[in-house]
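The values are calculated or read from the model by the stated rules, or taken from the named source; none is laboratory data. Model, not experiment: these values are computed from the prediction. With ideal geometry, Cβ positions are generated from the backbone for all residues, glycine too; neighbour counts draw on all protein chains shown. Accessible surface is based on the protein model in full, side chains and every heavy atom, while ligands, DNA and RNA are left aside. Shrake-Rupley method; radii C 1.70, N 1.55, O 1.52, S 1.80 Å.
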Amino acid sequence: LFIFLSILFPLAHILGFNSDSHSLTNISALSFPFVFGLVAGGGSKSPPDFFKIAEEGYQGKVFPSGETYFNHAKAVVRNLLKLAPHIDQLSIMAALLHRIPPDELKEILEDIPGLNKKQQARIIELVEKINRITRLPYLPPSKSSHTIQNQMNIIIQLATEPEVMLLVFADKLQT
């Protein structure tokens, strides 16, 4: 993982990841038609606007730096799409909604028409895994048994899947 990170961060700089940049080109045009089974549903329903849902969920929440949670979430989605342009839409939705507390997120997802229980559970699972990893305390290396390698192993074990690692990287590139 150390080797991967040592390659990823310079690569991120080359690709134009910039923590000062919050522009989101054409991201708000994302649609999630396959997620909602619009063809199978047979209705003329349009997919919910997840950006509006996220904006409402983050309303009034601001980081100590002054950045709004909503702008942070949009930037995480931008980073995720740069890292993995073909990532599944449930992962994109998890990236957009990742700072909403899981209990609130569950209520929000239940109110979205066309999003089935399995899809809701997947988004919540991804958000919970991201939060577990990003909230790990950093313990500087010492002469004891705790080393950077141990910290990386903990992160990998908590992630359990590549999508979660990509979501964490996208989040960390933004912070």
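Points to keep in mind about this one:
- Stretch gain in nm, segment K172-I148, where the contour uses 0.36 nm per residue and the Cα spacing is subtracted: 6.9 nm
- The stretch 78-175 - accessible surface per residue (Å², probe 1.4 Å): 51
- For the stretch 75-165: rounded, prolate or oblate by the Cα gyration tensor [a/c cutoff 1.5]: prolate
- Charge sum, other residues only, whose C-beta stays under 13 Å from Q89's C-beta, Lys/Arg counted +1 and Asp/Glu -1: -1
- Neighbours of T134 by Cβ distance under 10 Å: Lys/Arg scored +1, Asp/Glu scored -1, total +4.
- One chain, two ends: D49 and L136. Fully extended at 0.36 nm per residue, the span grows by 28.2 nm beyond their Cα-Cα distance.
- Neighbourhood charge, 12 Å Cβ-Cβ cut-off, centred on V76 and excluding it, Lys, Arg +1 and Asp, Glu -1: +3
- Within the assembled protein chains, the solvent-accessible surface assigned to T68 is about 50 Å², based on a 1.4 Å probe.
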